[in-house]
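Below is one structure, written out as structure tokens; the observations come after it.
The values are calculated or read from the model by the stated rules, or taken from the named source; none is laboratory data. Here the structure is a predicted model, which is why all the values come from computation and not from measurement. Please note: Cβ atoms are built from the backbone with ideal geometry, for glycine as well, and neighbour counts cover all protein chains shown. For the accessible areas, the whole protein counts, side chains as well, though only heavy atoms, and no ligand, DNA or RNA atoms are used. Shrake-Rupley method; radii C 1.70, N 1.55, O 1.52, S 1.80 Å.
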Amino acid sequence: MIRYSLIFALAALPAMAQAQQTDVMSDISALVDARSAESAKTARKLWEWAEVGYQEQKSSGLLQQSLKANGFKITDGVADIPTAFTAEFGSGGPIIAILAEFDALPGINQDAVATRTPIEGKGAAHACGHNLFGAGSVEAAIAVSKWLKQTGTPGRVRLYGTPAEEGGSGKVYMVRAGLFDDVDFALHWHAGDENSAAARTTLANRSAKFRFRGTSAHAAGAPDKARSALDGVEAFNMMINMMREHVPQESRIHYVITEGGTAPNVVPDFAEVFYYVRHPDPAGVDAIWTRLEDAARGAALGTGTKVDWEVIHGNNPLLVNESLAKMMDAKLRKVGGIQYTPAEQEFAENIYASFDKPNNKLGSEKEIQPYEKSLGYGSTDVGDVSYATPTVGLRTATWVPGTSAHSWQSSAASGMSIGFKGTQVAAKTLALAAIELYTNPELRAKAKAEFDDARGADYKYKSLLGDRDPPLDYRK
């Protein structure tokens, strides 16, 4: 009799585990859905404000206010950055970090409509969806805090308010300040045009503003007295454009001339160009960067000008942890994609008509993309976090399938219900992933072992932006 009772009990274990997972899924969905209106309101406010890197005072304040109202302990102004903060709830361990971005992109703006409609007087927009990122991460952290309290589970959830991801490397300064030293795992997500938790790496990158200084004179009356700083910039750019043929294929180099003079008849005595260099390996960035600096010196020598440069930001590549990525993929599949209302479908079809050879098809917002490991060609300061603690993320379909980041189409969807629905998917998935980590010691051990092996026994952290202070004025 005892033997048959034991067999029955063992046979019932998978069903019991499945029931427990279903209960957690139901509980988290209910917690996130109950705050959906608040989440959308937060995302929309951040979208309207569209504050650029290190200038996100209202955005940072709003996220802190929401967390404080839900019992989180706030520490603001961390890492010598006025808009950076941490917010913690719970006690004991493990400590799970959830990252929240909230900076906008300068030089682009768009109303939340399906045709190209700039908003007059607005110089920035959430064309990378960081308004959704911030709102969704806050909602995930709040849902986890409520679950911790209801279940009495030991552990701490710590939200990191991370400013200036767009070219400011806010997280790098937070890593450098040791703010992730006691974190067991870090979770993040990003707006996108598809639902995916695939293990995608990123490129390392570094940027700098190269400043050429010459001598002004009347361009017609005394050209021989002048030395053009703009000539220095143009000679520099020409050399880098020729260099593109002779760098590794997976490298990326881009620039904009941020200042080039004020009038054609005044030879400019100051000109500035802003450069990015990317490569899968930090050593590859360093190698290309050395050639960039040599070209700058050569351009200055050849044009009779002087040059100096200021490194603005630098990010390490994302260190993938497949133990965590496969877990995140499973949680995303439980949550599922999003369904459009008739009005959202009409919006999506109008936006989709503006694309040239889109990569994803309408309807794929309902699906979860296949899991795979791949190289991504973007860069993120999450990379530095991923070398400080095991890190995992996902993307959700906050934009119409086929949308490119940093476009008017992404900004439009980030300010309306399609973006808000994708945010709910992210919040639920992040919360479920955090709960899995709190309750699954085997997964924690496996992920940490993979992390230690990937970094290597002799790993020492190196920041690609050096020891500079946060460039709090880089967007002014």
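Summary table below
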| read-out | value |
| --- | --- |
| Heavy-atom accessible area order for Leu31, Leu465, largest first, 1.4 Å probe | Leu31, Leu465 |
| The chain - convex hull of the alpha-carbon atoms, volume per residue in Å³ | 165 Å³ |
| Links that overshoot a 18 Å alpha carbon limit, given the list Lys41/Lys334; Lys366/Lys421; Lys45/Lys361; Lys357/Lys421 | Lys41/Lys334; Lys45/Lys361; Lys357/Lys421 |
| Cα centroid of region 307-380 to Cα centroid of region 135-193, whole Å | 19 Å |
| Percent accessible area from carbon and sulfur atoms, region 65-183, protein chains only, probe 1.4 Å | 48 percent |
| Where chymotrypsin sites (Phe, Trp or Tyr not before Pro) fall in DSSP loop in region 162-217, at most 12 other Cβ within 10 Å | none |
| Rounded to the nearest 10 Å², the accessible area of Lys122 at probe 1.4 Å | 40 Å² |
| All lysines inside 28 Å of Lys209 as judged from Cα atoms, apart from same-chain residues fewer than 8 positions distant | Lys58, Lys122, Lys171, Lys225, Lys306, Lys460, Lys462, Lys476 |
| Long-range Cα-Cα pairs in region 202-289 (distance over 17 Å), rounded percent | 54 percent |
| Cβ-Cβ FRET estimate between Tyr459 and Ser374, R0 fixed at 22 Å, reported to 0.05 | 0.40 |
| Cα pair distances in region 369-418, grouped into 10 Å bins until the bin that holds the longest one, percent each | 18, 41, 34, 6 |
| FRET E, pair Arg291, Gln65, Förster distance 35 Å, beta-carbon r, rounded to 0.05 | 0.15 |
| Rg(Cα)/(2.2 N^0.38 Å) for region 368-458, N = residue count | 1.33 |
| For region 91-155: span of alpha carbons on each principal axis (Å, largest first) | 51, 19, 14 |
| At 1.567 mPa s and 4 °C, Stokes D of region 227-351 from Kirkwood alpha-carbon radius, µm² per second | 70 µm²/s |
| GluC sites (Glu not before Pro), loop per DSSP, at most 14 other Cβ atoms within 10 Å - longest free stretch of the chain | 121-249 |
| Net length gained if the chain between Ala34 and Lys361 were fully extended (0.36 nm per residue, minus Cα distance) | 114.6 nm |
| Solvent-accessible area of Tyr340 with every protein chain in place, 1.4 Å probe, in Å² to the nearest 10 | 30 Å² |
| Fraction in percent of alpha-carbon pairs per bin - 5 Å, region 19-111 | 2, 11, 17, 20, 20, 13, 9, 5, 2, 0, 0 |
| Rounded accessible area of Arg475 (nearest 10 Å², 1.4 Å probe) | 60 Å² |
